[in-house]
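Below are the structure tokens for one structure; questions will follow.
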Amino acid sequence: SPLPPAPTPEVQVLIPNFGRPAELAVTLSGLAAQDGPSFGVIISDQTEPEPAWEHPAVAAMVRVLQAQGRPVRLEHHLPRRGMAEQRDFLLGLAEAGLVLFLDNDVWLEPDMLARMTGALREAGCGFVGAAVQGLSYLDDERPDEQRPFELWEGPVVPERIRRGDPQFQRWTLHNAANLTHIAARLGIPAGGWRLYRVAWVGGCVLYDRQALLDCGGFAFWRDLPPAHAGEDVVAQLRVMERYGGAGILPSGAVHLEAPTTVVDRSTEASEVVLGE
């Protein structure tokens, strides 16, 4: 039986979308299988002429979420002004204390939202990210790329990191299926997690909404041309510097490995916004 929507969910999942109806349907199906906590979904879609939720598979999963009592807000947000503006728009619609920026080509394990929420509340930092794993790389071990791995032993504390710093080399941890291999060696019990040091995390990041707003959110989109990349890097570096941030293992975020829809990456956001 359909359930009444929660008045104010603990988490709001923010999904920027352009095209990709098949991938979006899979992403929403992963959310529909989450065990908790209470959450709602906001989709900002820039597909033309009709939004992606007109596709039968996406529409069906929207109905499933709504029937579960998980409110879904659908916004056909045009014109396209770049990913930073998309994220700024979504953040402006959110009201929950926690917001999960989730890419439209990521499937989450059923307990992933609960684990991320528990980890963020326990750590008390600005964000916890689950780096997406490409499972086509399960047989591709990359020990050199895994070398920067370092667990947080003790509290997560603020770090100032920029692209030229040695700590930024942690980005290689998120290539291929590196974290899947690392997590297997750690032997983390079911339902448990460990936090590790990151440079930044792509695809699936849970923020303390107020911490993100305190650091400016994505309002810097006005300083960027529509064709840009790396807006999530800027936001995370700023939050990490003030509140701290971490990655979570096991990740439980599976990348669908679809071709990118951000094809023009001629402007790197950190070079413009952070003056790198």
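The values are calculated or read from the model by the stated rules, or taken from the named source; none is laboratory data. Here the structure is a predicted model, which is why all the values come from computation and not from measurement. Virtual Cβ from ideal backbone geometry, glycine too; neighbours counted across all protein chains shown. In case anyone asks, the SASA skips ligands and DNA or RNA and just uses the protein heavy atoms, side chains included. Shrake-Rupley method; radii C 1.70, N 1.55, O 1.52, S 1.80 Å.
As an exercise, identify the trypsin sites (Lys or Arg not before Pro) in segment 128-192 lying in DSSP coil whose Cβ has no more than 14 other Cβ atoms within 10 Å. Please list the in-between numbers first.
Working: sites: ARG160, ARG162, ARG163, ARG170, ARG185; in loops: ARG160, ARG162, ARG163.
Those that pass, being in a loop and sparsely packed, are ARG160, ARG162.
Which whole-number value in Å³ per residue fits the convex hull of the alpha carbons of the chain? Intermediate values should be presented prior to the final figure.
Numbers: hull volume 34.7 nm³, N = 276.
Once divided by residue count, the hull of the chain is 126 Å³.
Less than 11 Å Cβ to Cβ from GLU109, Lys/Arg counted +1 and Asp/Glu -1: what total charge do the surrounding residues give? Mind showing how you got there, number by number?
On the way: positive: ARG115; negative: ASP35, ASP111.
That works out to -1.
What number results when the radius of gyration of segment 107-206, computed over Cα atoms, is divided by 2.2 N^0.38 Å? List each step's numbers first, then the result.
On the way: Rg = 13.4 Å, N = 100, 2.2 N^0.38 = 12.7 Å.
Rg over 2.2 N^0.38 Å, computed on Cα atoms: 1.06.
Whole number in Å², please: accessible area per residue of segment 11-274, 1.4 Å probe, ligands, DNA and RNA not counted.
On the way: 10620 Å² over 264 residues.
Using a 1.4 Å probe on heavy atoms only, each residue of segment 11-274 averages 40 Å².
Would you mind telling me the antiparallel percentage of the DSSP bridges in segment 11-274, rounded to 5? Don't skip to the end; give the middle numbers.
Working: 15 of 36 bridges.
Here the share of antiparallel DSSP bridges comes out near 40 percent.
Within segment 116-195, which GluC sites (Glu not before Pro) sit in a loop by DSSP and count at most 13 neighbouring Cβ atoms inside 10 Å?
Values: sites: GLU122, GLU141, GLU145, GLU150, GLU153, GLU159; in loops: GLU141, GLU150, GLU153, GLU159.
Passing sites in segment 116-195 are GLU141, GLU150, GLU153.
Determine the share of segment 11-274's accessible area contributed by carbon and sulfur atoms, expressed in whole percent, with a 1.4 angstrom probe.
52
Turning to a different aspect of this structure: With the Cα gyration tensor of segment 56-105 giving a ≥ b ≥ c as the square roots of its eigenvalues, does the rule (a/c under 1.5 for rounded; else a/b larger than b/c for prolate; else oblate) give rounded, prolate or oblate? Spell out each step's value before the answer.
Details: a/c = 2.19, a/b = 1.40, b/c = 1.56.
Cα axes put segment 56-105 in the oblate bin.
Count the net charge of all other residues whose Cβ sits under 13 Å from the Cβ of ALA57, scoring Lys and Arg as +1 and Asp and Glu as -1.
Numbers: positive: ARG20, ARG63; negative: GLU23, GLU54.
Surrounding charge for ALA57 is 0.
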